[in-house]
Each structure stands twice: as C-alpha cells, then as structure tokens.
Amino acid sequence: MAVRTAGSIQWNAVAMVLSSAGAPVTVTTPGGRERPARAESLLLPAALGRLRIEGPADVLLGHLPDLDTDVRAPLLAAGHGPPAPTPPAPHPVTPAPRHLVAPAAPLSRRREARR
C-alpha cells in the first residue's frame, strides 16, 4: 500500500474503486468533482484516465490488475523467470443422485424415538 501526500493517479485497469476511510475528501476527475464522506465509495471507470485526491485523505484504492502490465512485466524486469505452467483445473465434483439419499425422519418422530 503506497502512501501519497499529494498528486494525481493514473491507471490502466478497467475500473477503480475508491473508498473513503476517514474524513470527507475531494476527488477530482476529468468528469467532475465528488466528495465522498466516511465509509462511502466511488466506482471510477478507466475512461476517466486520471484522478486527483485533495486534502488529508484516508482512502483505499482497489482495482482488478492487468496481469501482463501490472504483474508479469514488473516481475520479469526484476529478474524473475517466466511463470510456471498452471495445472489443469480439477474436475467438478458430481453430487450423489438424490434417489440414493435417505430422507430424514420428521422432527416429531425424532422426539418420540428419544423417549
């Protein structure tokens, strides 16, 4: 988690979610200005391209990263090798047919059996 004191943020993701965790903060984008209060969130589409957060801010920024740009390229640039092949997905578990499952006794019969 990066801590920034001021400035603007540019992102390549499809969208970003900004959640205000503290006092109200001003968020400026090419589409306008918003002032989310504490515990409010904004969904910011990538088409906005840039945003600026003003004032003392406690915000959480979340996005779905682009694996090639945000993960693989930085790892390769840092000297890590290519990723290992991924194993095949496991086969889904097939539930047992319903006719093989014994129905449960009604609750009233269970109480009588205890007596």
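Tabulated data for the structure shown
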quantity: Restricting the stretch 23-33 to residues that are under 22 Å from Leu64 (Cβ atoms) and within 22 Å of the chain's Cα centre (by Cα), the residue that is modelled with the lowest pLDDT; calculated: Thr29
quantity: Some residue of the stretch 76-88 being assigned to a loop (DSSP other than H, G, I, E, B), out of contact with any Pro (no Cβ under 9 Å at 6 or more places or on another chain), at pLDDT 85 or above and farther than 30 Å from Ala15 by Cβ; calculated: yes
quantity: Ala73 vs. criteria under 25 Å from the mean Cα position of the chain (by Cα), small (Gly, Ala, Ser) and at pLDDT 80 or above; calculated: yes
quantity: Breaking point among (1) under 11 Å from Met16 (Cβ atoms); (2) touching a strand residue (DSSP E or B) at 6+ places or on another chain (Cβ under 7 Å); (3) among the aliphatic types (A, V, I, L, M), for Leu64; calculated: (2)
quantity: Any hit, the stretch 32-40, residues being part of a strand (DSSP E or B) and either surrounded by fewer than 10 Cβ atoms within 10 Å (Cβ to Cβ) or among the polar types (S, T, N, Q) (or both); calculated: yes
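The values are calculated or read from the model by the stated rules, or taken from the named source; none is laboratory data. None of these values were measured; they are calculated from a predicted model. For neighbour counting, all protein chains shown are included, and Cβ atoms are generated from backbone atoms with ideal geometry for every residue, glycine included.
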